[in-house]
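Below you'll find the structure, written out as structure tokens, and then a few comments.
The values are calculated or read from the model by the stated rules, or taken from the named source; none is laboratory data. Keep in mind that what you see is a predicted model, and the values were worked out from it rather than measured. Cβ atoms come from the backbone with ideal geometry, glycine included; neighbour counts cover every protein chain shown. Note: areas computed on protein heavy atoms with side chains; ligands, DNA, RNA excluded. Shrake-Rupley method; radii C 1.70, N 1.55, O 1.52, S 1.80 Å.
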Amino acid sequence: MTGMVSYLKGWAAEEQVADRYQRAGARLISRRWKAPSGEIDLVFSHGDTLIFVEVKCSKTIERALQSVSARQARRIMASAEVYADLMCKGALTDIRFDVAALDGQGRIEVVENAFAS
């Protein structure tokens, strides 16, 4: 049962984050996209830019942000490279990596350009 609770909690957090990005004019184009190197929680397009978003939940925003390891960031960037290669511009696609952190009260903090691209 714990696995299902975690899955639903993650899905709800992703919904909150997706709503925030969409209200800002971004278009959700992929959710939980999988590549051999890993999974990307949310992918948005905003103008000519692809935004790859990692969603993290914890009791505090700080703990959520700290939970993104360098190894995980590398996997996300590698997966994003595969995704971008599928786009018309390929490697020339403008990309951005964000981390959206949620705390126990449902507050969201987005760190734009969280990883070097």
Crossing angle, helix 70-85 versus the chain [Cα axis fit, 0-90 degrees, rounded to tens]: 40
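Taking all protein chains as present, what is the carbon and sulfur share of the accessible area of the chain, in % to the nearest whole number, probe 1.4 Å?
Values: 3630 of 6930 Å².
Carbon-and-sulfur percentage of accessible area, whole number: 52.
Where does each of 68-78, 47-57 land if you order them by average Cβ count within 10 Å, highest first?
Working: 68-78: 14.6, 47-57: 19.3.
So the order, starting with the most tightly packed, is 47-57, 68-78.
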Shape metrics for segment 63-117, restricted to C-alpha atoms - Rg then Dmax, Å: 13.1, 40
Acute angle (nearest 10 degrees) that the helix 2-23 long axis makes with the longest principal axis of the chain, alpha-carbon atoms: 60
Rh (Kirkwood; distinct C-alpha pairs) - segment 1-105, Å: 14.3
Surrounding net charge for Arg63, when Lys and Arg each add one and Asp and Glu each subtract one, Cβ distance under 14 Å: 0
Beta bridges per DSSP with both ends in the chain, % antiparallel, nearest 5: 65
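For segment 16-73, what Kirkwood radius comes out of the mean inverse Cα-Cα distance, in Å?
Values: mean 1/r = 0.0801 Å⁻¹.
Every distinct Cα pair counted, the radius reaches 12.5 Å.
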